[in-house]
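For reference, the structure is listed below as structure tokens.
What follows draws every value from the coordinates through simple rules; no lab data is involved. Since this is a predicted model, take the numbers as computed values, not measurements. Virtual Cβ from ideal backbone geometry, glycine too; neighbours counted across all protein chains shown.
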Amino acid sequence: MLREGSQASLAIKVTNHADKTITALQVNLQFLARDGSKRSALIRLDGYLLLDGQPLAAVGRHDDQPPQVMAPGKTASLRSRPQTDVDPDSVVASLRYVVFDDGSWVGDARAVETIFEGRASEALAWRHVASVLETARRGTTGRHALDIARQSLNTDPPGDIFTAHRVRDTITQALDDSTQPLDAAELVQRLIEIATLNAAAADKHSSRQH
């Protein structure tokens, strides 16, 4: 357990004993609070973009579980969200599913399906992001192009809304940061490249082996 003031995160280590790289998994945690009540938590990760794409860091918040993949033989340290009043001797961990880099998987079929559906939704969102940025760049230049793109991404985008909003927040941070010089054209180009790369990666890793 990792203490954070009056709360504690449940930390576990997972080792990949397979001969393939793990791109996603979920660990379910069951435990008792000190008052005897039953509690549960989970640890979920999906790091496929680390293999074929480029993750875009969240702006203004801390990811509960940073993206990562697990090569054969690798051990990863995972931690839950902070919990209160945990009896550390009561914690039981179980794997709900594991997804590998070739699209094969083990575990709960319904839960696994949501992983592949989520990746397909992210692919759609990344293509939308690239299209929005290209349209903004063709219509104007400089900071105005970034502002036009930001406004477009602030509407209801197709696919995974968090993907589009993460790019929007990246643009907002760049426009609002007066401490760093901003090369708007370079940022637009870099974001288009990232969106195009990530769309292809999401397409590749949304194919599930049955």
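Note on the chain: dipole from Cβ charges, positive end direction compared against Val69, Gly107, Asn198; the farthest Cα belongs to Gly107.
The charge dipole of the stretch 113-210, taken about its Cα centre with unit charges on the Cβ of Lys, Arg, Asp and Glu (plus for the first two, minus for the last two), comes to roughly 200 debye. Rounded to the nearest 20, the Cβ-based charge dipole of the chain about its Cα centre (Lys and Arg +1, Asp and Glu -1) stands at 220 debye. Of Ala164, Ala199, Ala174, the residue with the greatest mean-square motion in the GNM of the chain, using alpha carbon springs below 10 Å, is Ala174.
For His17 and Asp52 in the same chain, what is the full-extension length gain: residue separation times 0.36 nm, less their Cα-Cα distance, in nm? Each step should come with its number before you reach the end.
Working: separation 35, 0.36 × 35 = 12.60 nm, distance 2.24 nm.
Stretched out fully, the His17 to Asp52 stretch lengthens by 10.4 nm.
Charge tally around Arg190: other residues with Cβ under 14 Å, Lys/Arg +1 each, Asp/Glu -1 each, net -3. Considering only Leu175, Leu29, Ala164, the residue lying farthest towards the positive end of the dipole of the chain is Leu29, judged by Cα position with unit charges set on Cβ. Across the stretch 116-205, the relative contact order, built from alpha-carbon pairs under 8 Å that are at least six residues apart, equals 47 percent. The ranking of Ile192, Ile115, Ile161 from fewest to most other beta carbons within 10 Å of each one's beta carbon is Ile161, Ile192, Ile115.
Relative contact order for the chain: 25 percent, from Cα pairs under 8 Å spaced at least 6 residues apart, divided by residue count.
Each stretch of four or more DSSP H residues adds -39500 (n - 2.57); spread over every residue of the chain, this sum gives -13500 deg cm²/dmol at 222 nm. With the gyration tensor restricted to C-alpha atoms of the chain, the semi-axes of the equivalent ellipsoid amount to 36, 22, 14 Å, longest first. For the stretch 116-205, the orientation-averaged shadow of the C-alpha convex hull comes to 5.3 nm² (one quarter of the hull surface).
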